[in-house]
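Working notes, structure below.
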Amino acid sequence: MSAEPTSGRISLTARRKRYGERTVLAVLWLCAAVSVFTTVGIVGVLFFEAFQLFRIPGVSIVEFFTDSAWRPFTDPSSDLFRIGVWPLLNSTLLITAIALLVAVPLGLGSAVYLSEYASPRVRKTVKPALEVLAGVPTVVLGFFALTFMTPLLRSVFGTDVVPIFNAASAGIVVGILIVPTIASISEDAMSAVPRALREGAYGLGASRRHVALRVVFPAALSGIVSAVILGFGRAIGETLIVSLAAGNLPPGDLPALNPFQQVQTMTAYIVQAVGGESPRGSVTFQSIFAVGALLFVVTFAINIVAQRIVRRFREEY
Amino acid sequence: MATTTQERRVTPVHDLRSSRRRAVTEQMTRAVLLIATALSVIVLATLLIDILRDGAGRLSLDFLTSYVSRFPEETGIRAGLTGTLSLMALVALMTFPIGVAGAMYLEEFAPDNRFTRLLEANINNLAGVPSVIYGLLGLSVFVYILGFGRSLLSGALTLTLLVLPVIIVAAREALRSVPREIRDGGLALGATPLQVAARQTLPAAMPGILTGMILSLSRAIGETAPILVAGAIAFRRADNEPWYPLEAYTAIPIHIFDFVKRPQQEFQIEVASAAIIVLLALLLLMNSGAIVLRNRYSRNR
């Protein structure tokens, strides 16, 4: 009963080297690693091209971060040329703030309703509708902002108050865009709160409203906060709605807080500048990447914060 | 003072006694939440009705087969339609093998080490990168550094990088749902892990993978920002049939963007709506295909 074949030529434990399989595995590994190459590519390209902007005579990186006017389409040697990114950043934050004002109440309201109040039948109709809304291409929502929301705002507040291109219309529609994101992630977080917590509260005589708002909502807070932050990140990177409805005029007076003014977000600038098909090496071409690099850093930081919050404050049941 | 805090603490009991007031606040909360939920659905319905009403009259076979024109009554979206279909084919051709292979590696073979965790975190982070950033990557790398120019290939490669993380996540889920016993059975019969993965696990997961694939593709063809930045033609007349990867191209979303930006009312409203109907119909077709596939699959299991 010796288990070890000491002298036999056929071994059940020894492995044949399968070079073909190793090659295939290497190819599979390479395919998985494409995502890492993508990230490295994005970071490398954005910063390399952005750096080229500041090598052009007359363009300074200090001005980029400190100046309060954005007029990049003139010759860098002229007096009119100003390349401070604040007007674009201000516009982006204004639109994002309007979007969150719309999306947070609607998204969280929907999440609480779907998780705590709705009958299974209502849930089965509303959730797919939210998914469809999330799947509508943003260019269609841009059309909706310009041809439906803007005339609506103009008829309510008056055409002398609301110009055709304005931050409010774009901001509201960006808000509608991120409602499904906020609603579905928060709903998941609330549904994950254990039944025992709800039943304990009901047993103590709490009403449904108390259970929803004072027991389930706080228990799911980490998920809800990260949902809002993810929505925030999506709103900052939104491109088509803002370039169609918010206009292409960087605000002159900072801080620009009036929702009924024409603005130009970072993403809208990228689209506008790309449309001219300026050659590589020109101020316009390189400035697209400088603005893109800033946008990337901001969204990346937001996503990291969201992940941290989920990890740090997650309640273990 | 002491009594007031005492009273405040027993509010729930107080509520229990005056059950009528409690019922009113309950109903009001429910109503407010219901309105918040209904608003999104109402907006979606308004959007669809608005588009159908404005665009349906402009739809015809001619609209699909003629090129863009200065005159709203003659214009069509032929270049965009062929462009979108070619983009879809190219993106599918590139994402399918890479996505499936990447998912298979991560799900079946990846050792549990630092690099694997980095890969997974990376795939999750890529989902949060705005799509316009992918356009910048494509503009620099594909259009200029690799010299593909403002061509269909540059656009397709850009969209491929954009949807690849989504496809990998979907394919991994499909692979994960294949029962352990199928793998164990294969291994017990002496097959190598790679043989099991290729001949047992992958075929069993294929319907799920295809469903995820179609859904990701439908996301890709609705995207405007990446291809707009990576060189799709928006403002010029695109006359050529973009069947060849190195030629200039346009796509339906780019047409919509262009129409909405034109000053004439007919373009901005009617023609744009008609183009949107075509795009949404295409998306609907793909999504129902995915649902049919998923249903058939779950019935067979």
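Go over the candidates A:PHE260, A:PHE217 one by one and state the one that is surrounded by 15 or more Cβ atoms within 10 Å (Cβ to Cβ), part of a helix (DSSP H, G or I) and either away from chain B (no Cβ under 12 Å) or not aliphatic (A, V, I, L, M) (or both).
Details: A:PHE260 fails: part of a helix (DSSP H, G or I).
The unique qualifying residue is A:PHE217.
What do you reckon, is A:PHE289 of a type in the set (Phe, Trp, Tyr), surrounded by 22 or more Cβ atoms within 10 Å (Cβ to Cβ) and touching a residue at least 24 places away in the same chain (Cβ under 8 Å)? So A:PHE289 passes the test.
Taking the stretch B:155-226 and the helices (runs of 4 or more DSSP H) fully enclosed by it, the elements with 2 or more residues that are touching a residue at least 12 places away in the same chain (Cβ under 8 Å) and among the β-branched types (Val, Ile, Thr) are at B:202-222. Look at A:GLU116 and say whether it is in contact (Cβ under 8 Å) with a residue 60 or more places away in the chain and acidic (Asp, Glu). Criteria met by A:GLU116.
The requirement of being among the β-branched types (Val, Ile, Thr), over 27 Å from B:ALA31 (Cβ atoms) and either more than 7 Å from chain B (Cβ to nearest Cβ) or without any contact (Cβ under 8 Å) to a residue 60 or more places away in the chain (or both) is fulfilled somewhere in the stretch A:141-157, by at least one residue. Looking at this structure, is A:VAL179 within 16 Å of A:GLY107 (Cβ to Cβ), in contact with a Leu (Cβ under 7 Å, 6 or more places away or on another chain) and within 14 Å of chain B (Cβ to nearest Cβ)? Considered against the rule, which asks whether it is within 16 Å of A:GLY107 (Cβ to Cβ), in contact with a Leu (Cβ under 7 Å, 6 or more places away or on another chain) and within 14 Å of chain B (Cβ to nearest Cβ), A:VAL179 comes out as yes.
Please find, among A:SER186, A:SER155, A:SER169, the residue that is assigned by TED's automatic domain parsing to the domain that holds A:LEU240 and exposed (fewer than 15 other Cβ atoms within 10 Å of the Cβ). Break it down into steps so the answer makes sense when it comes.
Details: A:SER186 fails: exposed (fewer than 15 other Cβ atoms within 10 Å of the Cβ); A:SER169 fails: exposed (fewer than 15 other Cβ atoms within 10 Å of the Cβ).
From the options A:SER186, A:SER155, A:SER169, the qualifying one is A:SER155.
For the stretch B:255-287, enumerate the residues that are within 14 Å of the chain's Cα centre (by Cα) and more than 10 Å from chain A (Cβ to nearest Cβ). B:LEU282, B:LEU285, B:MET286, listed by residue number.
Does B:THR224 satisfy being of a type outside the set (Gly, Ala, Ser), within 17 Å of B:GLY80 (Cβ to Cβ) and modelled with pLDDT of 90 or more? In short, yes. Exactly one residue among A:SER243, A:SER226, A:SER207, A:SER222 is small (Gly, Ala, Ser) and modelled with pLDDT of 90 or more, and that residue is A:SER243. Reported count of residues in the stretch B:145-156, each being within 9 Å of chain A (Cβ to nearest Cβ) and surrounded by fewer than 16 Cβ atoms within 10 Å (Cβ to Cβ), is 1.
Going by the structure shown, is A:SER110 within 11 Å of chain B (Cβ to nearest Cβ), within 14 Å of B:VAL43 (Cβ to Cβ), touching a residue at least 24 places away in the same chain (Cβ under 8 Å) and touching a Leu at 6+ places or on another chain (Cβ under 9 Å)?
Values: within 11 Å of chain B (Cβ to nearest Cβ): yes; within 14 Å of B:VAL43 (Cβ to Cβ): yes; touching a residue at least 24 places away in the same chain (Cβ under 8 Å): yes; touching a Leu at 6+ places or on another chain (Cβ under 9 Å): yes.
Yes.
For the stretch A:294-302, the condition of being within 11 Å of chain B (Cβ to nearest Cβ) and closer than 25 Å to B:PHE259 by Cα holds for none of the residues.
Here A:ARG121 fulfils each of the conditions (1) assigned by TED's automatic domain parsing to the domain that holds A:ASP188; (2) over 30 Å from A:ALA219 (Cβ atoms) apart from (2).
When B:GLU74, B:GLU107, B:GLU120 are checked against the criterion of being buried (at least 20 other Cβ atoms within 10 Å of the Cβ), acidic (Asp, Glu) and more than 19 Å from the chain's Cα centre (by Cα), B:GLU107 stands alone in meeting it.
Of all residues in the stretch A:174-202, how many are in a loop (DSSP other than H, G, I, E, B) and touching a helix residue (DSSP H, G or I) at 6+ places or on another chain (Cβ under 6 Å)? Show your work before the answer.
Step one: filter the stretch A:174-202 for residues in a loop (DSSP other than H, G, I, E, B), giving A:192-194.
Going one step further and asking which of them are touching a helix residue (DSSP H, G or I) at 6+ places or on another chain (Cβ under 6 Å), we end up with A:193.
Counting residues in the stretch A:174-202 that are in a loop (DSSP other than H, G, I, E, B) and touching a helix residue (DSSP H, G or I) at 6+ places or on another chain (Cβ under 6 Å) gives 1.
Residues considered: B:LEU164, B:LEU159. Of these, the only one that is within 8 Å of chain A (Cβ to nearest Cβ) and either within 26 Å of A:GLY233 (Cα to Cα) or in contact with an Asp or Glu (Cβ under 7 Å, 6 or more places away or on another chain) (or both) is B:LEU164.
Could you grab me the full set of residues in the stretch B:77-89 that are of a type outside the set (Ser, Thr, Tyr), in contact (Cβ under 8 Å) with a residue 60 or more places away in the chain and surrounded by fewer than 23 Cβ atoms within 10 Å (Cβ to Cβ)?
Within the stretch B:77-89, the first condition is being of a type outside the set (Ser, Thr, Tyr), and the residues that meet it are B:77-81, B:83, B:85, B:87-89.
Within this subset, residues satisfying the condition of being in contact (Cβ under 8 Å) with a residue 60 or more places away in the chain are B:77, B:79-81, B:83, B:87-88.
Within the stretch B:77-89, B:LEU81, B:MET88 meet the criteria.
Which residue, of A:GLY205, A:GLY252, is surrounded by fewer than 21 Cβ atoms within 10 Å (Cβ to Cβ), at the interface with another protein chain (Cβ under 9 Å from one of its Cβ atoms), out of contact with any Ser or Thr (no Cβ under 8 Å at 6 or more places or on another chain) and assigned to a loop (DSSP other than H, G, I, E, B)? Before the answer, list the steps.
Values: A:GLY252 fails: at the interface with another protein chain (Cβ under 9 Å from one of its Cβ atoms).
Of A:GLY205, A:GLY252, the one residue that is surrounded by fewer than 21 Cβ atoms within 10 Å (Cβ to Cβ), at the interface with another protein chain (Cβ under 9 Å from one of its Cβ atoms), out of contact with any Ser or Thr (no Cβ under 8 Å at 6 or more places or on another chain) and assigned to a loop (DSSP other than H, G, I, E, B) is A:GLY205.
The residue that is nearest to B:GLN27 (Cα to Cα), counting only those in the stretch A:184-209 that are touching a residue at least 12 places away in the same chain (Cβ under 8 Å) and among the charged types (D, E, K, R), is A:ARG208.
The values are calculated or read from the model by the stated rules, or taken from the named source; none is laboratory data. Nothing here was measured: the structure is a model prediction, and the numbers come from that model. Cβ atoms come from the backbone with ideal geometry, glycine included; neighbour counts cover every protein chain shown.
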